[in-house]
1. Please work out if residue 537 is modelled with pLDDT under 95 and in contact with a Pro (Cβ under 7 Å, 6 or more places away or on another chain).
2. Can you pull out every residue in the range 447-489 that is farther than 28 Å from residue 161 by Cβ and of a type in the set (Asp, Glu)?
3. Would you confirm, using the coordinates I've provided, whether residue 617 is under 31 Å from the mean Cα position of the chain (by Cα) and more than 30 Å from residue 711 (Cβ to Cβ)?
4. For the range 658-673, state whether one or more residues are in the same structural domain as residue 722 (by TED's automatic domain parsing), among the acidic types (Asp, Glu), out of contact with any Asp or Glu (no Cβ under 8 Å at 6 or more places or on another chain) and at pLDDT 95 or above.
5. Take the residues in the range 470-479 that are without any contact (Cβ under 8 Å) to a residue 24 or more places away in the chain and aliphatic (A, V, I, L, M), then tell me which one is most open to solvent (accessible area, probe 1.4 Å).
6. Looking at the structure I just gave you, is residue 576 surrounded by 22 or more Cβ atoms within 10 Å (Cβ to Cβ) and touching a strand residue (DSSP E or B) at 6+ places or on another chain (Cβ under 6 Å)?
7. Read through the list (1) under 24 Å from residue 666 (Cβ atoms); (2) out of contact with any Pro (no Cβ under 9 Å at 6 or more places or on another chain); (3) part of a loop (DSSP other than H, G, I, E, B); (4) modelled with pLDDT under 95, then give the number of the only condition that residue 784 fails.
Amino acid sequence: MANEIKPYEFDEIERRFQAKWRDEGTFEVSENASRPKFYCLEMLPYPSGDIHVGHVRNYCITDVITRFKRMRGFNVLHPIGWDALGLPAENAAIKRGTHPETWTRHNIAGMKAQLQRLGFSYDWTREVATCDAPYYRWNQWFFLKMLEKGIAYRANSPVNWCPSCLTVLANEQAEGGLCWRCKSTVVIRDMEQWFLRITDYQDALLDDMAELPAWPERVLQQQKNWVGRSQGAEVSFPIEGGGSIRVFTTRIDTIFGATFSVLAPEHPLVDSLMADTDNAAKETLARLRGQDRRARLAGQVDKEGLFTGRYATNPFSGERIPIWVGNFVLMGYGTGAIMAVPAHDERDFEFARKYGLRVHAVIQPPTGTLDGATMTEPYTGPGVVTGSAGFDGLTSEVAVEKMIAHAQARGFGAAKTAYRLKDWLISRQRYWGTPIPVVYCDKDGVVGVRESDLPVVLPPDAPFTGEGGNPLEKVESFVKATCPKCGGPARRETDTMDTFVDSSWYFYRYCSPKTGDAPFDKAQVRYWFPIDLYVGGIEHAILHLVYSRFWTKVMKDLGLIDWVEPVTRLFPQGMVHKDGEVMSKSKGNTIAPDDVIKRYGADTLRLYILFAAPPELSMEWSETGIEGPHRFLQRVWRLVQKHAPTTRPRDIAVPGLSENGAALRRKVHQTIARVTGDIDERIHLNTAVAALMELTNEAYRLEDGLTGPADAGALAEALDTLVLLLSPFAPHACEQMWQDLGHPKSLVDEPWPVADEAAMRETSVEVAVQVNGKIRARVQVPAGASEEAHKAAALEDASVRPHVDGKTLVKAVIVPGRLINLVVK
């Protein structure tokens, strides 16, 4: 009589084990020098509302790996926190008529409950929220240390300004040059703002990449492009009437082809150069200055310009060239001015053709001859220099070297290394951020707040209307301060910090979140660092990942740590798509995990997300696709329940195994090896799940042919192994099945199975048989069999014989263990 199979009641099982893990502090961890450590982390979430399944994928990946590492004997740190400050909360407060903190705390509570319902193995005792004053106190402390060292400084910088709302706008709020709130035209204003001197570390950000062999090359390349180190020359073009234009170029070999110069609309020379132009020209200039800078940088606006009416001289050719203003040139990139060589640059060529400017070819390609007057597209590659008196016939490479030397000798140019990276502007004219801890005193100027007076806390009574500037400016009790130096009256800084500050060092705070007298405990950080695996979206390749690397280098210079890189291995996970688009609230195509869990359970959702696609690639959400993982989990459940009452762990007598028993054991150990490699080395979690499905299928196929005590031991081993290997993916169901298999303790700390190489070895292999190139059969041959044994097995097969009987065997082409091709006539 078949054993009665109890139903898979996922909701009850999941809630019961989640409560057990929470009550017993299962995933709480402390330093332990006797065990190897593993610090696994996903990028901390922003509490913008409910989690959707697009977020869940990231958390599932790290949870599988942390559970796996724990079972492998590692002391695992897997913390979680909240990137809780920022503009979205302030905008939500204005829209809803509430306080940013109220909105944020509500979202944190809801998202935390969702994460706990998914059974993630976080150490919640280390939870950090960046909006907590005990956390952002240390943002302020770091700022003061950087101010002392000259890394933090104040300077004029252009900002987006809405003249109607009287407030500074983030770039995201000024798209298309219009205010997101009132649709007024945004203007650019210069304001004193705070910067961090990240450019002091630009070479280190590039050179220290040698310590990041486990980072994806595409991420490193994006960071290289962001820093943008390039070797070239800086050359001065004299302006008729006085002054000069400095340009940086990596292609000085083309300088004889510079037929005009272009300045950014914001270039400081532009106003004086155009002082005598008419009002129409000045209106055009104002319009160009008002265009969205990000769109200009990305080439998303048509190239447009105007002639200043002034001329410069090409210092190499002596040619008189016109000076233009163009929207495709930006301040902050190079010098904000370019020498335009339309024959050899795509942007310059497009601009020249639009405005009828001369095109002069001075580099000839390996084949053919270029004529600037008839060119339909620029030639941007290297070649042989022509039309360049004194340098004709040189290759581009040699010409660059000689032209730089020529310019340097005559005092109008020199070799230069240029960088695209600019200092980090951290000022935000917003409330919901870390207050910048300085005051302004008429006597002493800019003065840092005393460390003993930290944190400077956000006042709870700031007004949120979206109009009239920074809410902090309207809180008199906050603005009025006392100078720490002279004791006189002072005005407190009302700018707050960019929230990328919060996320640049949060992973250090996880190591000792309760430390009160320092940002972190040095000994605890020394034990846990570096982060062994960091998982997050590729969209963070620059900004967050650059800033966090910079912050670590600053901390080393402050004597807090003794390493220069915070993360050993970076793994960017793919996005979740629905209906062909990235899942996001703005697109209205999100799926709430709560709904899926209610119908299928958390374990099924985890399995589906991990099985649907390789974790580094995008996956398409499918309402029907989740059914497959759910059926698989139920099949495992039924298999365990069917055999659990009679199956107990026991020794396996290998010589006593039947053919089915040996085949099952072989599959078990092959699966151990495959799943272990897929998780540990490759992070191919989808193929790990596929391997577990194959093992389940094999167990079902072989179960009825298992006889005797040795086979019973093999079945017990198979079921134990299947549950252990599946547990990082579906931990709740596996905990229950582990108990049902007769194990009194939780499987969380059970040792991970180890593959037995001898058991993995195949005794026979399936080999395809072709006759004159056509597949006729597949035969089993002993593993390691000779070519003669291969040929004999093929000739004896009933499906092959009709194709060879009565014919002459010309030859047998054999690839041992894979293919037998019989050639007959």
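The values are calculated or read from the model by the stated rules, or taken from the named source; none is laboratory data. Owing to the predicted nature of the structure, the values given are computational and were not obtained by experimental measurement. Don't worry about glycine lacking a Cβ; one is built from the backbone with ideal geometry, like all the others, and counts go over all protein chains shown. Keep in mind that these areas ignore ligands, DNA and RNA; they rest on the heavy atoms of the full protein, side chains included. Shrake-Rupley method; radii C 1.70, N 1.55, O 1.52, S 1.80 Å.
1. Taking the combined requirement at face value, the residue satisfies it.
2. Hits for the range 447-489 are 451, 453.
3. yes
4. Looking for residues that are in the same structural domain as residue 722 (by TED's automatic domain parsing), among the acidic types (Asp, Glu), out of contact with any Asp or Glu (no Cβ under 8 Å at 6 or more places or on another chain) and at pLDDT 95 or above, one finds none in the range 658-673, hence no.
5. Top of the filtered list is 479.
6. yes
7. The one condition residue 784 does not meet is (2).
The rows are residues; the columns are (1) more than 30 Å from residue 763 (Cα to Cα); (2) open to solvent by less than 10 Å² (accessible area, probe 1.4 Å).
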{"position": "623", "(1), (2)": "yes, no"}
{"position": "644", "(1), (2)": "no, yes"}
{"position": "655", "(1), (2)": "no, no"}
{"position": "686", "(1), (2)": "no, no"}
{"position": "694", "(1), (2)": "no, no"}
{"position": "698", "(1), (2)": "no, no"}
{"position": "703", "(1), (2)": "no, no"}
